[in-house]
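The values are calculated or read from the model by the stated rules, or taken from the named source; none is laboratory data. Model, not experiment: these values are computed from the prediction. Please note: Cβ atoms are built from the backbone with ideal geometry, for glycine as well, and neighbour counts cover all protein chains shown.
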Amino acid sequence: MSKKLVFKFLALAFCFGLVATFQPMTAEAQSGDVQYIVIGTGGQTGVYYPTGGAICRIFNRIQQETGQNIDCKIESTSASVFNVNTIRSDPKHMFLGIVQSDVQYQAYNGVDQFQAAGPDTNLRVLANLQSESFTLVARKDANIATFDDLAGKRMNLGDPGSGNRNTLELLMQEYGWTAATFKLATDLKPAEMAGALCDNKIDAYVYVIAHPNGSLTEATSTCDSVVVPVTGAKVDSFIAKYPFYPKAVIPGGMYKGTDADVNTFGPKATLMVHAELPEEIAYQVTKAIFTNVEELKNVHPALSGLSVEDMLKGSTVPFHPGALRYFKEAGLQVN
């Protein structure tokens, strides 16, 4: 792990009380020792954070009921890219991360933002989670009716290191845009976006997220703002180039000011690990998730559509052997 990542990880871990207790699982771990796994999530206003929390609660409950000695914790991070880099940089740590399917594809194949680092074919997935939508929110008085209208506006590009920003920058490349295309380009985190929009500090922001979402509800309830369609020839070309971005629809009436369905595209959220994660741990986490899907569906409205069948689809990297072991045991067919 690079020094920069080490310091960032330790700083975040310290904030969550993990430094004193986090121990990687090793072959030398003695029976009876409590071991820890950490799930990297995202911002606390998004869906990744409560999803990771629910997975840990379910896993820890099962551990207690069966008298086992692994404790699951969550960590709020800057989301997909940070989580992938942490998994890649120190596979011996028991770190799992919720990651957009497009980001995992890029890291696995060493393309786009991971071109310099090269491919990492040791990345694996345990489960595919909710579908997400590339969501463009704009002030009504900014007169933004399409993605094309963003040129010359005050735009939030998103938190560096997030899958949210990564997806936006890929689409910007399709348009031939850079940060200079906008009158103002900011790096606000998800928790700051709605406030900045309604305080008239920015004209628009993009959030790659499952719906409904609290940030969008805040923005559309606090000030006159709308969810803008992301369609057109350049978007169609983009989707053709990146097939892990299927078309998506945000239902009308979900947010104030947006009554009609909104057409866009989006990836899936996945739970990613390194191939070196011990098979037994991967098996136990996977089993905890798939045998408690109904409980997960109640954690957040964005998870209400989860199904076992869909959780086996959409991965852009291979499943971990521990996950495959559970699928075989449960008679589940991977698509």
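Here is a yes/no grid of residues against (1) more than 24 Å from Val38 (Cα to Cα); (2) touching a residue at least 40 places away in the same chain (Cβ under 8 Å); (3) assigned to a helix (DSSP H, G or I); (4) β-branched (Val, Ile, Thr):
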| site | (1), (2), (3), (4) |
| --- | --- |
| Gly252 | yes, no, no, no |
| Thr270 | no, yes, no, yes |
| Ala282 | no, yes, yes, no |
| Gly305 | yes, yes, no, no |
| Lys313 | yes, yes, no, no |
| task | Among the residues of the stretch 290-313, count how many are within 15 Å of Tyr48 (Cβ to Cβ) and of a type in the set (S, T, N, Q). | result | 0
| Residue in the stretch 83-97 that is surrounded by 24 or more Cβ atoms within 10 Å (Cβ to Cβ), at pLDDT 95 or above and not in a helix (DSSP H, G or I) present | yes
| Is there a residue being in a helix (DSSP H, G or I), in contact with a helix residue (DSSP H, G or I) (Cβ under 6 Å, 6 or more places away or on another chain) and in contact (Cβ under 8 Å) with a residue 12 or more places away in the chain anywhere in the stretch 196-208? | yes
| request: Taking the options Met155, Met193, name whichever one is touching an Asp or Glu at 6+ places or on another chain (Cβ under 8 Å), among the hydrophobic types (A, V, I, L, M, F, W, C) and surrounded by 19 or more Cβ atoms within 10 Å (Cβ to Cβ). | output: Met155
| task | Please state which one of Gln106, Gln113, Gln130 is part of a strand (DSSP E or B), under 29 Å from Ala282 (Cβ atoms) and either at pLDDT below 95 or of a type in the set (Asp, Glu) (or both). | result | Gln130
| task | Please work out which residue is farthest from Pro119 (Cα to Cα), limiting yourself to the stretch 302-317 and to residues that are of a type outside the set (Asp, Glu) and exposed (fewer than 15 other Cβ atoms within 10 Å of the Cβ). | result | Ser304
| Ala13 closer than 30 Å to Arg165 by Cα, assigned to a helix (DSSP H, G or I) and modelled with pLDDT of 80 or more | no
| For the stretch 233-245, how many residues are touching a residue at least 12 places away in the same chain (Cβ under 8 Å), surrounded by fewer than 14 Cβ atoms within 10 Å (Cβ to Cβ) and out of contact with any Asp or Glu (no Cβ under 7 Å at 6 or more places or on another chain)? | 1
